[in-house]
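The values are calculated or read from the model by the stated rules, or taken from the named source; none is laboratory data. This structure is a prediction, so every number in the text was calculated from the model and none was measured. As a convention, Cβ positions derive from the backbone with ideal geometry for all residues, glycine included, and neighbour counts pool all protein chains shown. Only protein heavy atoms, including side chains, enter the accessible area calculation; ligands, DNA and RNA are left aside. Shrake-Rupley method; radii C 1.70, N 1.55, O 1.52, S 1.80 Å.
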Amino acid sequence: MTTIISPKQFSPVEDAENIKNACQGWGTDEKAIISILGHRNLFQRRLVRLAFQEIYHQDLLQQLKCELSGDFERAISLWTLDPADQDAVLANEALQKSVVDYRVLIEIGCIRSPEDLLAVKRAYKFRYKRSLEEDLASCTAGDLRKLLVGIISAYRYDGDEFDETLAHSEATILNHEIHGTGFNQEEVIRIVSSRSRAQLNATFNVYKDIYGRSITKAFPGGDYFPTLRTVIRCIRDPQKCFAKMLRASINTAATDKDTLSRVIITRAEKDLTTIKELYLKRNNVSVDEAVGRDCSGDYKDFILTLLGADQS
């Protein structure tokens, strides 16, 4: 987690001036930029951006993009954005890939709160002059399109209450659909994209009780069911999913820095401590150690700062 600087220590004007100084001269002082932005919370980063704009009549993000490069530039620019803008940028990048990265859209649609999801869609529309649903629909087809657009379009109830009778009924519907006994995909998509997280978890628990195995263990292959499996896993246990994503991003021939950055940056001020604990428990090595081993340079220093390694 990032350090929250007390009001007496924090000055957005001083931060803006120090970042500007770090960008002047023959070479950029990347360590100075990390030491400032890497230790500022969301509200403070917002104030630093405003101060930078007022003092220098420049967008801080544009300054950073001009001075920095590569994975480090991308990570620190993403960190400097507000959360809704972070997700809007990530969603657009995922849709622009030659093979759409559905995981990013699933994270946004299934893990963000209803209000956060609305904010993401507003930010996306402001940035790209199109709706997120419109772009997502143009990149997908068939049941996959219906599922993903349904998830992104949803405004779920966000409370803890659930209906046990409904859970039994919809567990039966899901079982019939999985085994192809006459139900259509629309029913599955309706359930998964409209029910609250609490209601869905109750349904998944009932499914396991009745049929003796987790619902995700019953899916066949194809493009649609693996995506549905990811949706269900994100709904059931988001932190566990993020821990698995971190492991997968690091345990590759070339570290998947896009996924590594996304998870750490978007969860740093939410539940990163829990994700780190799960990662350590499952892998017998800390995320900090894994990042230190597999990454390098300013990118490594910045990610380790967000992980809190410089505070130990």
| query | What distance in nm separates the simple spin-label points at residue 281 and residue 116, each placed 7 Å from Cα in the Cβ direction? | reply | 2.0 nm
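Multiply the residue gap between residue 194 and residue 17 by 0.36 nm, knock off their C-alpha separation, and tell me the result in nm, one decimal place. Let's see the in-between values first.
Working: separation 177, 0.36 × 177 = 63.72 nm, distance 4.77 nm.
Separation in residues times 0.36 nm, less the Cα-Cα distance, equals 59.0 nm.
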| query | Over region 126-207, what number does the Rg to Rh ratio reach, with both radii from the alpha-carbon atoms and Rh per Kirkwood? | reply | 1.05
| query | Taking R0 as 25 Å, what's the FRET efficiency between residue 248 and residue 65 from their Cβ-Cβ distance, rounded to 0.05? | reply | 0.30
| message | Helix-only mean residue ellipticity at 222 nm, the chain, DSSP H runs n ≥ 4 weighted -39,500 (n - 2.57), per residue, nearest 500. What is it? | response | -21500 deg cm²/dmol
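Of the listed peptides 33-41, 258-266, what is their order by residue-averaged count of other C-beta atoms within 10 Å, with the highest listed first?
Values: 33-41: 19.8, 258-266: 22.1.
Top to bottom by mean Cβ count within 10 Å: 258-266, 33-41.
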| query | If you bin every alpha carbon distance in region 83-153 into 10 Å steps from zero, what whole percent lands in each bin? | reply | 22, 62, 16, 0
| request: Jot down the radius of gyration and Dmax of region 12-68, Cα atoms only, both in angstrom. | output: 10.3, 31
| query | Nearest 20 debye, what's the magnitude of the dipole of region 239-306 about its Cα centre given +1 on Lys and Arg Cβ and -1 on Asp and Glu Cβ? | reply | 340 debye
| note | Counting sequence-distant residues (5 or more places) and residues on other chains, those with an amide H built under 5 Å from that of residue 196 are 157
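Taking R0 as 25 Å, what FRET efficiency do you get between residue 213 and residue 166 from their Cβ-Cβ distance, rounded to the nearest 0.05? Mind showing how you got there, number by number?
Numbers: r = 21 Å, r/R0 = 0.85.
Once rounded, the FRET efficiency stands at 0.70.
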| task | Note the direction-averaged projected area, equal to a quarter of the hull surface, for the Cα convex hull of the chain, in nm². | result | 18.0 nm²
| request: Please compute P(r) over all alpha-carbon pairs of region 164-236, binned at 5 Å starting from zero, and give each bin as a whole-number percent. | output: 3, 17, 31, 31, 15, 2, 0
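What is the dipole size for the chain, taken about its Cα centre, with +1 at each Lys and Arg Cβ and -1 at each Asp and Glu Cβ, in debye to the nearest 20?
460 debye
Taking every eigenvalue of the Cα gyration tensor of region 71-220, multiplying by 5 and rooting it, what semi-axes result, largest first, whole Å? Provide the component values of the computation, followed by the final result.
Numbers: eigenvalues 196, 58, 38 Å².
Each semi-axis is √(5λ); the values are 31, 17, 14 Å.
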| task | Please provide three numbers in whole Å: the alpha-carbon extents of region 153-312 along the principal axes, with the largest listed first. | result | 56, 33, 31
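Where does each of 112, 233, 74, 282 land when they are ordered by accessible area, with a 1.4 Å probe and the largest first? Kindly include the intermediate steps, with their values, before the conclusion.
Values: 112 25, 233 95, 74 60, 282 120 Å².
Final ranking, largest accessible area leading: 282, 233, 74, 112.
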| Can you list the cysteines of the chain that have no other Cys Cβ under 4.7 Å away? | 23, 66, 139, 241, 295
| request: Quick one: accessible surface of residue 99, probe radius 1.4 Å, all protein chains present, in square angstrom to the nearest 10. | output: 110 Å²
| So if R0 is 45 Å, what FRET efficiency would residue 141 and residue 53 give, r being the distance between their Cβ atoms, rounded to the nearest 0.05? | 0.60
| query | Can you work out D for region 191-273 in µm² s⁻¹ from Stokes-Einstein, where Rh is the Kirkwood radius over C-alpha pairs, the temperature is 10 °C and the viscosity is 1.306 mPa s? | reply | 110 µm²/s
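Determine the share of the chain's accessible area contributed by carbon and sulfur atoms, expressed in whole percent, with a 1.4 angstrom probe. If you can, show how the numbers build up before the last one.
Numbers: 7400 of 14660 Å².
Taking all protein chains in place, the chain shows 50 percent carbon and sulfur surface.
With the other protein chains left in place, how much accessible area per residue, in square angstrom, belongs to region 239-306 at a 1.4 angstrom probe? Before the final figure, lay out the partial values.
Details: 2880 Å² over 68 residues.
On a per-residue basis, 42 Å².
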| note | For the chain, the charge dipole (Cβ of Lys, Arg +1; Cβ of Asp, Glu -1; about the Cα centre) points to a positive end, and the Cα of 264, 10, 246 closest to that extreme belongs to 246
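Pairs 31/300; 208/270; 20/65; 270/300; 276/300; 121/240: which are spaced more than 18 Å apart, C-alpha to C-alpha?
Details: 31/300 11 Å; 208/270 30 Å; 20/65 13 Å; 270/300 21 Å; 276/300 16 Å; 121/240 26 Å.
The pairs that break the limit, which is 18 Å between Cα atoms, are 208/270; 270/300; 121/240.
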| field | Note, ³J(HN,Hα) from phi for region 134-143, Karplus 6.51, -1.76, 1.60, rounded to Hz, x at Gly and Pro | value | 4, 5, 5, 5, 6, 9, 9, 8, x, 5
| request: Can you find, among 123, 172, 147, the residue farthest towards the positive end of the dipole of region 113-183? Put +1 on the C-beta of Lys and Arg, -1 on that of Asp and Glu. | output: 123
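So how much slack lies between residue 223 and residue 157, counting 0.36 nm per residue of separation and subtracting their Cα-Cα distance, in nm?
Numbers: separation 66, 0.36 × 66 = 23.76 nm, distance 2.83 nm.
My answer for the length gained is 20.9 nm.
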